[in-house]
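The values are calculated or read from the model by the stated rules, or taken from the named source; none is laboratory data. Note that this is a predicted model, so its numbers are computed, not measured. Don't worry about glycine lacking a Cβ; one is built from the backbone with ideal geometry, like all the others, and counts go over all protein chains shown.
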Amino acid sequence: MSIEVTARHMDDVGDIQELAREKAEMLFADFPRVEHVHVILDNEKHRFKAEFFVQAKNHIRVEADDTTDNMRLSITNAALKAEKQLRRLRDKVQDHRPKQKEAHPKQESVE
């Protein structure tokens, strides 16, 4: 369970990195199979971009990004997109599990 936060082309980003770390920790809390989260924060002129790369057990890899005029909003939206993808994958795996056979009442034969 490791979290890596990278800031590109930005200065003085302590509180923003802390927000990204909190969002990544929420992914660990909701999805225990997550092993590593890498968050990349980037500033391109007036656009702020946040990217989440999530690695989980069984070769699951999720990538989510968002670009807005506000860095905090970009981080929140990217984290929500990653969470949505992980939730969809988890539900897909759970739906494919075989169902347990139920005990059927004996059918009476009509003669």
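If you go through segment 71-90 one residue at a time, do you hit one that is assigned to a strand (DSSP E or B), buried (at least 17 other Cβ atoms within 10 Å of the Cβ) and modelled with pLDDT of 95 or more?
no
Scanning segment 6-20 for residues that are of a type in the set (A, V, I, L, M, F, W, C), under 19 Å from the mean Cα position of the chain (by Cα) and farther than 13 Å from K49 by Cα yields a total of 1.
Answer with yes or no whether S2 is hydroxyl-bearing (S, T, Y) and surrounded by 18 or more Cβ atoms within 10 Å (Cβ to Cβ).
So S2 fails the test.
Out of curiosity, is D12 modelled with pLDDT of 95 or more, over 24 Å from M1 (Cβ atoms) and surrounded by fewer than 19 Cβ atoms within 10 Å (Cβ to Cβ)?
On the way: modelled with pLDDT of 95 or more: no; over 24 Å from M1 (Cβ atoms): yes; surrounded by fewer than 19 Cβ atoms within 10 Å (Cβ to Cβ): yes.
In short, no.
Condition first: farther than 18 Å from A24 by Cα and part of a loop (DSSP other than H, G, I, E, B). Now tell me which residues in segment 45-70 satisfy that. Correct list: K45, H46, N58, H59, D69, N70.
Just one of (1) within 13 Å of the chain's Cα centre (by Cα); (2) in contact (Cβ under 8 Å) with a residue 12 or more places away in the chain fails for T67. It is (1). If the condition is being in a helix (DSSP H, G or I) and either on the phi > 0 side of the Ramachandran plot or in contact with a helix residue (DSSP H, G or I) (Cβ under 9 Å, 6 or more places away or on another chain) (or both), then segment 23-32 contributes K23, A24, M26, L27, D30.
When A56 is tested against (1) crowded, with 17+ Cβ neighbours inside 10 Å; (2) at pLDDT 95 or above, exactly one condition is not met: (2). On the given criteria, is E63 surrounded by fewer than 19 Cβ atoms within 10 Å (Cβ to Cβ), modelled with pLDDT of 95 or more and charged (D, E, K, R)? Yes; evaluated as a whole, the condition is true for this residue.
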